[in-house]
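The structure under discussion appears below in the form of C-alpha cells.
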Ligand code: NVA
C-alpha cells in the first residue's frame, strides 16, 4: 500500500504509517495553525449531510476556513442521496465544482459510490459502518494524553469500548488494531460488532501485535487505561417503540465511576452527543476523567490533517 492518500473512506484502508503520519500532522497543524492558513487557498469542499450533525459540520466548516478554503453545506434540500439523483450523478456533478467531497450518509454504499464515480477525494464523515474522522481524532487525543497516562507510545495504551457495537466502535477497533493498541470490545449480546469487521480487525491485530478482546461479559473488562462509550441507539436505528427494552438490556454496560474503578482506568472518552444517565453518568461525563471536549476539538485538527494530505 502506498503512503499517498486518495480518499478517507474506511479505517481499514489506512496502514500504520499513514495513520501515524496523519496523527503527527494533526498535532503539528494544531500547534502552528498559521503555517497552514493557505493550505486550501482557492479550494472548495462540498459537504453532504444526510443525518444531523453538530461537531462534524462545525469542525469541517471552521477547519476548512482555517486552512483558507471554502466549505459548502449540502443538507437534505436536494433530497436523499440516490433518490432525486443517482449517487453516481451526484458525485460527477459535485466533481465539476468541488476539490473534495465530505459526506455523512446512511449507507456505506453511498460513500463508496461517491468515491467510485467522482473524480475528487471523498472523506467519510460517518456512515452506518464507520466513523473514521472520529477515530482519527481519538487517536490524536490519546497521543496527546500519553504523558498523563505515563506511556511513551500509543501501542502501550489499553483501550476498551463499552456499549453498542456500531460505526464508532468499528472504526476505533480497526484503528487500534492497525496501530498495535490493545483493544477490548465489550457489548451486550445481540449488539456485537459484525463478524466481517471483527475478522478484519483481528487480521490487522495479528500483524501489529495488538491484543483484541471481544466479550459480552462486564466482569471480563480487565485492566484498562481508557474507557470509551457512545450512544446505545445510533442515528438511523431509532425505533421509539423499542427504546425501553434497549435501555434495560444495555443498563449493565453503563460507563460510570464503578466501571472505571473496576478497570482501574483514568480516562473516559465519548464521541458525543452523550445520552446522560444512559451510556454514561452525568457525574462521570462532567468529571476530570472525561476528555470529551479535547476529542471534539481534535476532530477539526484531525480532519484538517486529512484534507491537507488529500489536497496537497
Ligand atoms: N454511533 C453514533 C455516533 C454519533 C456521532 C451514530 O451513528 O449516531
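Summarising the label geometry, the points placed 7 Å from Cα in the beta-carbon direction at residue 207 and residue 247 lie 4.3 nm from one another. Once the mean of 1/r is taken over each pair of separate Cα atoms and inverted, segment 7-57 shows a Kirkwood hydrodynamic radius of 13.7 Å. Based on the alpha-carbon gyration tensor of segment 156-312 and its eigenvalue square roots a ≥ b ≥ c, which shape applies: rounded if a/c is under 1.5, prolate if not and a/b is larger than b/c, or oblate? Cα axes put segment 156-312 in the rounded bin.
Helical content alone sets the calculated 222 nm signal of the chain at -13000 deg cm²/dmol, taking -39,500 (n - 2.57) per DSSP H segment of four or more residues and averaging over every residue. Computed from the Kirkwood radius of its Cα pairs, the Stokes-Einstein diffusion coefficient for segment 251-312 at 10 °C and 1.306 mPa s stands at 121 µm²/s. In summary, the convex hull built on the alpha carbon positions of the chain has an orientation-averaged projected area of 15.4 nm². Overall size of segment 1-154 from C-alpha positions, given as principal axis extents largest first: 53, 32, 31 Å. Based on the Kirkwood approach, the hydrodynamic radius assigned to segment 69-170 is 15.7 Å, with every pair of different Cα atoms included.
A crude spin-label estimate for the pair residue 218 and residue 283, with each label 7 Å from Cα along the Cβ direction, gives 1.5 nm. Across the chain, C-alpha contacts under 8 Å between residues 6 or more apart give a mean separation that, scaled by the residue count, equals a relative contact order of 20 percent. Take the Cβ atoms of residue 148 and residue 85, set R0 to 51 Å, and the FRET efficiency comes out at 0.55. If you average the alpha carbon positions of segment 259-312 and of segment 137-200, how far apart do those two centres end up, in angstrom? Segment 259-312 and segment 137-200 have Cα centres spaced 12 Å from each other.
With R₀ fixed at 35 Å, the C-beta to C-beta distance from residue 106 to residue 258 puts the FRET efficiency at about 0.45.
Computed from the coordinates by the stated procedures, all read-outs in this text should not be read as laboratory data. Since this is a predicted model, take the numbers as computed values, not measurements. Because the Cβ atoms are built from the backbone with ideal geometry, glycine has one as well, and the counts that use them run over all protein chains shown.
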